[in-house]
Amino acid sequence: MARQRIELRPEEAGELRRRVRASTVSVRERRRSEIILLSAEGLTQQQIAERMGISRLQVNRWVGRFARDRLAGLSDVPGRGRQPWLAEGAVQQVIAQAVTPPSHLGRWSCRTMARATGISAASVQRLWAANDIKPHLSRTFKLSNDKQFEEKFWDVIGLYLNPPDKALVLCCDEKSQCQALERTQPGLPLGIGHIRTKTHDYVRHGTLTLFAALNYLEGKLITHLAARHRHQEWLAFLRLIDEQSPTDLDIHIIADNYATHKHPQVKKWLGRHPRFHMHYTPTSSSWMNLVERFFGDLTAFITEKSFASTRELAAAIITFLAARNENPRRYVWRAKGEDILRKIDTARRALGASQPAERNSISDTSH
């Protein structure tokens, strides 16, 4: 059989080369394009088959289809390939019902959905994965109803993005209810071939409150442990910050709107110490205070241990803090304020659309 002569027009050659180089096209398209390009260079079908590791019959098929239909001949005929294995009604039922669980179930599982729709659990899982439906996951959230949200938001974010010169930026807060929990039985340590163990029950020996001030620029901490959580302890912590901070620097403190921080005695003390500047986060917005990130690390440390008394708990916390200050690590704010406000607006609109107007108490902010 005479070899079919392939002559490519410039636009065809360019498109075939693009398909060969592209990483987003299928292997089939790339292979077919390469066959046509090699044929246009003058290689025989046997040479093309040997170079590409395919049969000469396959080369002949795609050269013939290109000679007859040009680029359109390299595409598969519609309707080829594996047919859908599920009825269209079953697919729509799985997708629609996945987001609305029945009243007697907290959420759907693959097996309960399979029983309700009459298909296999594996099919339900594949449909959920294809449509990015995850009934087993949830995220917590809280939108602030502070009428001065945006003003306070930019006040705090501005300290992170553009810290003032000759000043300290301290992220301050209290971690109350640090519990001294003693496991009822000793657990086994981690070893090769087995994981750590600990009992599910415990004896509670009391709590402590940790006051912490995180230096935003250096990552170091000023801390104070106390048995109680009142404005007196907060005042003692402010005095400690005053003592341990260079006297020639202003101090900008980021704190939440907790009543202890705004007690009349606290305000009176702040009035006598003008180098202290308070910046309060909006209501229900403690996520803006970076010291909360440190508290997360501390919580993970405490919950892994067992303490027979609050004294043991205090000693462990002090050891953790000393090691932390020897190798301080900054928590750097990188998110843009405009992006955060855009997400908050999107959440407000979504929440407003899903709730009746009389039940929606989320206040709007203009920006």
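The values are calculated or read from the model by the stated rules, or taken from the named source; none is laboratory data. Computed from a predicted structure; not experimentally measured. Ideal geometry is used to build each Cβ from the backbone, glycine not excepted, and the neighbour counts take in all protein chains shown. Areas reflect the complete protein model, heavy atoms only, side chains present, ligands, DNA and RNA absent. Shrake-Rupley method; radii C 1.70, N 1.55, O 1.52, S 1.80 Å.
Table for the structure above
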| read-out | value |
| --- | --- |
| Failed criterion for Glu151 (all others in (1) in a loop (DSSP other than H, G, I, E, B); (2) surrounded by fewer than 16 Cβ atoms within 10 Å (Cβ to Cβ); (3) among the charged types (D, E, K, R) hold) | (1) |
| Checklist (1) touching a Leu at 6+ places or on another chain (Cβ under 9 Å); (2) exposed (fewer than 11 other Cβ atoms within 10 Å of the Cβ) applied to Ile119, failing item | (2) |
| Residues of the range 55-78 that turn out to be open to solvent by less than 30 Å² (accessible area, probe 1.4 Å) and of a type in the set (A, V, I, L, M), as a count | 3 |
| Selected residue [within 30 Å of Asp345 (Cβ to Cβ), under 24 Å from the mean Cα position of the chain (by Cα) and of a type in the set (D, E, K, R)] from Asp132, Asp155 | Asp132 |
| Test result for Phe141, part of a helix (DSSP H, G or I) and on the phi < 0 side of the Ramachandran plot | no |
| Residues of the range 312-356 classified as assigned to a helix (DSSP H, G or I), without any contact (Cβ under 8 Å) to a residue 12 or more places away in the chain and either under 20 Å from Leu170 (Cβ atoms) or small (Gly, Ala, Ser) (or both), total | 8 |
| Some residue of the range 213-236 being polar (S, T, N, Q), within 32 Å of the chain's Cα centre (by Cα) and farther than 30 Å from Leu161 by Cα | no |
| Selected residue [out of contact with any Leu (no Cβ under 9 Å at 6 or more places or on another chain) and surrounded by 15 or more Cβ atoms within 10 Å (Cβ to Cβ)] from Ala114, Ala96 | Ala114 |
| Selection from the range 148-193 of residues that are within 16 Å of Phe307 (Cα to Cα) and among the β-branched types (Val, Ile, Thr) | Thr184 |
| The range 213-237 residues that are at positive phi and in contact (Cβ under 8 Å) with a residue 60 or more places away in the chain, paired with ones that are surrounded by fewer than 17 Cβ atoms within 10 Å (Cβ to Cβ) and among the charged types (D, E, K, R) (beta carbon under 9 Å, 6 or more apart) | Gly219/Arg329; Gly219/Arg330 |
| Close pairs (6 angstrom Cβ cut-off, 6 or more residues apart or separate chains): closer than 19 Å to Ala212 by Cβ in the range 245-274, open to solvent by less than 50 Å² (accessible area, probe 1.4 Å) and among the charged types (D, E, K, R) anywhere | Ile251/Arg275 |
| Hits in the range 344-363 - residues which are among the charged types (D, E, K, R), surrounded by 11 or more Cβ atoms within 10 Å (Cβ to Cβ) and modelled with pLDDT under 50 | none |
| Options Arg230, Arg239; residue that is under 20 Å from Cys178 (Cα atoms) and of a type in the set (Lys, Arg) | Arg230 |
| Qualifying residue in the range 296-304 (condition: among the hydroxyl-bearing types (Ser, Thr, Tyr), under 24 Å from the mean Cα position of the chain (by Cα), open to solvent by less than 60 Å² (accessible area, probe 1.4 Å) and under 14 Å from Leu214 (Cα atoms)) | no |
| The one condition in (1) under 25 Å from Met278 (Cα atoms); (2) open to solvent by 40 Å² or more (accessible area, probe 1.4 Å) that Val169 fails to fulfil | (2) |
| Residue tally, condition at pLDDT 90 or above, touching a strand residue (DSSP E or B) at 6+ places or on another chain (Cβ under 9 Å) and of a type outside the set (Lys, Arg), over the range 177-198 | 6 |
| Of residues in the range 31-50 being out of contact with any Leu (no Cβ under 6 Å at 6 or more places or on another chain) and of a type in the set (Gly, Ala, Ser), the one most open to solvent (accessible area, probe 1.4 Å) | Gly42 |
